[in-house]
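Inspection log for the structure reproduced underneath, given as structure tokens.
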Amino acid sequence: MAGLLASLCPTLTAGAPSGLKTDVTFSDYPRLAEASRLIDRLASPLTAREIERSLSASGKSLDEHTLALSAEVFALHVPPRPPPGGYGLLVFVPPWNDARLPAGWDAVLDRFGVIFVSAAGSGNDANVLARREPLALIAARNLTRLYAINPAHVYVGGFSGGAHVALRLALAYPDVFTGAILDAGADPIGDHDAPIPSPELFARFQSATRLFLVTGSQDQARLNMDTDSLSSLARWCVGGAVADQIANAGHQIADPATLATALRVLQLPVKIAARRQAACRAGIDKDLAKAFSGVEAFAAAGRLAEARKALIALDARFGGLAAPKSVELANALRVQ
């Protein structure tokens with residue numbers, strides 16, 4: 001079946017034509033989409049440790065390629081002409097399962113010179129770590145290889161459930177995605193669902209990633225999510241988040257005018273007040289040191305169950321900022 005699909009679906013080559021295609025496949029499985037690298041970027045250090053220990057105990061090895069690329073189909077829209085600095089790229093994570101371009105978006109994408117790509121089988125029912133996230137990364141890497149894409153304008157976006165995935169990808173891969181469109185689906189960061197990455201990656205996310213949160217003015221549940229997400233991003237010293245509403249709209253995908261607004265916002269550089277940013281980051285460092293002190297105090301008092309519980313909470317909150325010390329403590333405390 002995979003061979004039949006491969007023969008029916010065009011595999012892109014350099015210089016592929018412009019316009020919309022809904023039956024595209026890719027041939028390159030990039031290393032950043034391999035399972036071990038996904039776990040390293042998208043799971044907290046103790047969660048990654050747990051996965052590794054579980055595999056070791058079972059005698060199983062990790063299957064690095066969770067997808068058969070010849071069977072994975074993408075919708076791709078390429079504007080007729082690239083801008084002077086190269087195309088932009090929008091990797092879109094949908095809540096639905098078919099690969100399609102939202103109605104009316106083509107003219108906006110053409111005007112801004114932004115390539116659009118979205119995978120089939122990447123809807124809300126699909127596994128996030130095994131399908132939705134690697135499919136987005138595979139699309140991004142293949143298209144940056146095939147087209148003259150400006151690396152400063154590579155975006156990830158999503159609607160509803162897809163927006164939650166888009167935020168995870170933007171947070172974990174600020175070296176791939178410079179901005180994100182979060183349409184009716186934003187989250188707080190700094191928990192098991194959206195763990196903080198390594199210090200180097202997080203510093204880049206804080207200072208350079210542009211986030212555009214947008215929701216229908218009548219979609220109160222998602223507006224509340226946006227409020228919570230913005231508060232969380234501010235606490236974590238993230239400087240590039242802005243929010244907007246679609247007037248008189250409920251839970252529906254952004255219209256072309258809103259897409260145009262989002263793309264204009266994502267093209268702007270993030271402006272950071274250096275002194276305020278430094279003070280905010282110092283506050284995070286202080287909170288992390290205090291959390292570690294709490295774990296160590298429990299351990300010194302022989303209250304190991306409480307030490308383990310506090311360490312797990314620390315890992316969920318601070319993620320990669322706490323490594324490798326959090327992993328070393330987990331080993332010493334025999335956290336299961």
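The values are calculated or read from the model by the stated rules, or taken from the named source; none is laboratory data. In this text the structure is predicted, and so the values were computed from the model without any measurement. For neighbour counting, all protein chains shown are included, and Cβ atoms are generated from backbone atoms with ideal geometry for every residue, glycine included. Remember, those area values only see protein heavy atoms, side chains included, never the ligands or the DNA or RNA. Shrake-Rupley method; radii C 1.70, N 1.55, O 1.52, S 1.80 Å.
A few notes on this one:
- Each listed q (0.09, 0.13, 0.15 Å⁻¹) maps to a log10 I(q)/I(0) for the chain, found by the Debye formula over equal Cα scatterers with no solvent: -0.50, -0.99, -1.24.
- Taking Cβ atoms as reference points and 12 Å as the exclusive limit, the residues near Asp183 contribute a net charge of -3, counting Lys and Arg as +1 and Asp and Glu as -1.
- Most mobile of Ala278, Ala139, Ala262 in a GNM of the chain (Cα contacts under 10 Å): Ala278
- Summed side-chain charge close to Val265 - residues other than Val265 whose Cβ falls under 10 Å, Lys, Arg +1, Asp, Glu -1: +1
- Carbon and sulfur %, accessible surface of the chain computed with the full protein complex present, 1.4 Å: 53 percent
- Cα gyration tensor shape of the stretch 253-336, rounded if a/c is under 1.5, else prolate or oblate by comparing a/b with b/c: prolate
- Angle in degrees between helix 161-172 and the longest Cα principal axis of the chain, rounded to the nearest 10: 60 degrees
- Whole-number D in µm²/s for the stretch 151-279 (Stokes-Einstein; Kirkwood sum over Cα pairs; 10 °C, 1.306 mPa s): 110 µm²/s
- Rounded if a/c under 1.5, otherwise prolate or oblate - the stretch 213-304, Cα gyration tensor axes: oblate
- Relative to the dominant Cα principal axis of the chain, helix 133-146 is inclined by about 50°.
- Kirkwood Rh, Cα atoms: Rg over Rh of the stretch 73-181: 0.94
- When +1 charges are put on Lys and Arg Cβ atoms and -1 charges on Asp and Glu Cβ atoms, the dipole computed for the chain relative to its Cα centre reaches about 840 debye.
- Note on the chain: with a GNM built from Cα contacts shorter than 10 Å, the maximum mean-square fluctuation among Leu171, Leu135, Leu62 falls on Leu62.
- Only helical runs count toward this figure. For the chain, summing -39,500 (n - 2.57) over DSSP H runs of n ≥ 4 and dividing by all residues gives -14000 deg cm²/dmol at 222 nm.
- Here the Kirkwood formula, the inverse mean of 1/r across different C-alpha pairs, assigns the stretch 128-171 a hydrodynamic radius of 11.1 Å.
- When the charge dipole of the chain is built from unit charges on Cβ atoms (+1 for Lys and Arg, -1 for Asp and Glu) and taken about the Cα centre, the candidate among Val335, Asn127, Ala166 whose Cα reaches farthest toward its positive end is Val335.
- For the chain, averaging the sequence separation of C-alpha pairs within contact (under 8 Å, six or more residues apart) and dividing by the residue count gives a relative contact order of 16 percent.
- Rounded to the nearest 0.05, the FRET efficiency derived from the C-beta distance between Asp193 and Glu328 at R0 = 30 Å is 0.75.
- Ratio of Rg to Rh over the stretch 19-66 (Cα coordinates, Kirkwood Rh, two decimals): 1.17
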